[in-house]
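The values are calculated or read from the model by the stated rules, or taken from the named source; none is laboratory data. Here the structure is a predicted model, which is why all the values come from computation and not from measurement. Cβ placement follows ideal geometry from the backbone for every residue including glycine, while neighbour counts extend to all protein chains displayed.
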Amino acid sequence: MDFLRPTTWEEALAAKADRPDAVPIQGGTDVMVEINMDVRRPAALLDLNQVTELREWAMVGGTCRVGAAVPYARIIDELGGPLPGLAQAARTVGSPQIRNRGSVGGNLGAASPAGDSHPPLLAAGAVVEVDSRERGVRMIPADEFYLGVKRSALEPDELIRAVHVRPATGPQYFSKVGTRNAMVIAVCSFAIALHPDERRVGTGIGSAAPTPRRALEAEELLARELDWTAPLDPALTRRFGELCAAAAAPIDDVRGKAAYRVHAIGVMARRTLAWAWNDHLGKRAA
Ligand SMILES: Cc1cc2nc3c(=O)[nH]c(=O)nc-3n(C[C@H](O)[C@H](O)[C@H](O)COP(=O)(O)OP(=O)(O)OC[C@H]3O[C@@H](n4cnc5c(N)ncnc54)[C@H](O)[C@@H]3O)c2cc1C
């Protein structure tokens with residue numbers, strides 16, 4: 001196995017262009033498990049750990065640009081204010097060791113339907129920045145990034161450079177059902193983001209379809225019928241839960257039954273909407 005170790009982004013893009021078969025490795029919390037378990041034996045590994053710019057985040061033109069390698073631990077410590085949904089999801093990932101190594105870039109690279117960063121990225125309307133030597137930068141909205149089970153819009157010569165997320169303008173929540181409280185891959189998960197400035201509510205469903213996805217009809221319902229100054233209408237909340245559940249398309253697997261996942265998505269959708277709405281009204285009253 002060849003081991004490629006670029007020290008700059010340009011070297012990394014050149015290495016990927018010359019060796020599209022090289023598997024990028026960042027925190028290694030997915031890649032090393034696959035190698036150790038003999039799930040795959042790549043001809044080459046492309047180690048991105050020397051490309052220090054990937055570990056930086058910055059506010060760029062009013063948007064938070066999070067380098068692909070910023071680990072979950074730093075998202076929790078440093079970005080809980082502007083990106084509360086993503087930070088909440090990060091808190092549920094693995095263990096402290098995994099959160100110190102694992103990154104959102106790696107979660108996107110793996111594109112597992114159960115990845116915890118996907119629902120909050122979808123709900124917040126995030127955009128993934130990918131780059132290649134031949135075609136340059138592409139900005140891919142999160143809801144166009146996931147194409148199938150562990151398949152994304154990333155081309156073989158491309159690398160993920162960053163993810164761009166607008167700082168929250170309203171409450172955000174992430175909810176995850178697991179078979180225990182820690183070190184657990186989601187049975188299913190749900191994220192919500194209120195965007196009061198746009199009179200819009202964003203959603204993200206995890207581990208309940210071949211890809212992470214938004215509940216579009218549920219979002220449209222709230223865009224049409226929410227009164228942003230009034231308490232939540234229980235009938236509207238119920239309908240929102242039903243439409244979120246209907247947007248799921250899960251399977252039975254070792255972690256859970258499809259019927260349970262559909263039910264749980266409906267419950268989490270209602271709960272997170274109520275939590276977010278309480279915060280929203282509390283803030284208005286303050
Ligand atoms: C014990 C354990 C518990 C876990 N718990 C959770 C959990 O609760 N929730 C969860 O979502 N995940 C969990 N995971 C999975 C893993 O930690 C996450 O998916 C993490 O985000 C991967 O990040 P990484 O930097 O380690 O990625 P890596 O393992 O380095 O890479 C993951 C994938 O992304 C690709 N990749 C990495 N960087 C780039 C890049 N810049 N451009 C293009 N492709 C790239 C790699 O080639 C690979 O396909 C767990 C893993 C373990 C071992």
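Within the stretch 163-200, being outside any loop (DSSP other than H, G, I, E, B), more than 12 Å from the ligand (Cβ to nearest atom) and of a type in the set (S, T, N, Q) holds for 172, 175.
Consider the stretch 90-127 and keep the residues that are surrounded by fewer than 23 Cβ atoms within 10 Å (Cβ to Cβ) and closer than 28 Å to residue 196 by Cβ. The one that is farthest from the ligand (Cβ to nearest atom) is 125. Taking the stretch 24-77 as the range and being within 8 Å of the ligand (Cβ to nearest atom), hydroxyl-bearing (Ser, Thr, Tyr) and over 17 Å from the mean Cα position of the chain (by Cα) as the test, no residue passes.
Name the residue, out of 2, 21, that is over 30 Å from residue 181 (Cα atoms) and within 12 Å of the ligand (Cβ to nearest atom). Walk me through how you get there before you give the answer.
Details: 2 fails: within 12 Å of the ligand (Cβ to nearest atom).
None of the others qualify; the one that does is 21.
Taken together, 239, 213 contain a single residue that is buried (at least 21 other Cβ atoms within 10 Å of the Cβ), in contact with an Asp or Glu (Cβ under 9 Å, 6 or more places away or on another chain) and modelled with pLDDT of 95 or more, which is 213. Figure legend. Inter-residue proximity from the stretch 70-82: first residues free of Cβ contacts under 8 Å to residues at least 60 places away in the same chain, second residues not in a helix (DSSP H, G or I), beta-carbon distance below 6 Å, spacing 6+ or different chains. Indicated pairs: 70/57; 71/103; 72/93; 72/102. Of all residues in the stretch 216-230, those satisfying the criterion of being without any contact (Cβ under 8 Å) to a residue 24 or more places away in the chain and exposed (fewer than 14 other Cβ atoms within 10 Å of the Cβ) are 220, 224, 225, 227, 230.
Cβ-Cβ distance below 7 Å, separation of 6 or more or different chains: which pairs start in the stretch 84-104 with a residue that is under 22 Å from residue 47 (Cα atoms) and touching a residue at least 60 places away in the same chain (Cβ under 8 Å) and end on one that is more than 6 Å from the ligand (Cβ to nearest atom) and of a type in the set (Phe, Trp, Tyr)? So the pair list comes out as 102/72. Spot the failing condition for residue 160; the list is (1) near the ligand (Cβ under 8 Å from one of its atoms); (2) surrounded by fewer than 24 Cβ atoms within 10 Å (Cβ to Cβ), and only one is missed. Status for residue 160: all satisfied but (2).
Anything in the stretch 227-286 that is among the hydroxyl-bearing types (Ser, Thr, Tyr) and part of a helix (DSSP H, G or I)? List them, or say none.
237, 260, 272
Across the stretch 178-210, the qualifying residues are those that are in contact (Cβ under 8 Å) with a residue 60 or more places away in the chain and among the polar types (S, T, N, Q), and the one among them that is surrounded by the fewest Cβ atoms within 10 Å (Cβ to Cβ) is 179. Output the residues belonging to the stretch 128-156 that are assigned to a strand (DSSP E or B) and free of Cβ contacts under 8 Å to residues at least 40 places away in the same chain. Listed by number, the residues that qualify are 128, 130, 138, 139, 140, 141.
Each residue in the stretch 128-151 was checked for being more than 23 Å from residue 56 (Cβ to Cβ) and either buried (at least 20 other Cβ atoms within 10 Å of the Cβ) or not charged (D, E, K, R) (or both), and 4 of them qualify.
Restricted to the stretch 78-89, and to residues there that are assigned to a helix (DSSP H, G or I) and crowded, with 24+ Cβ neighbours inside 10 Å, the residue that is farthest from the ligand (Cβ to nearest atom) is 85. Here is the figure for the stretch 248-275: residues that are hydrophobic (A, V, I, L, M, F, W, C) and buried (at least 21 other Cβ atoms within 10 Å of the Cβ) total 6.
With the requirement that a residue be without any contact (Cβ under 8 Å) to a residue 60 or more places away in the chain and over 21 Å from residue 109 (Cβ atoms), what does the stretch 60-69 give you? The answer is 61, and nothing else.
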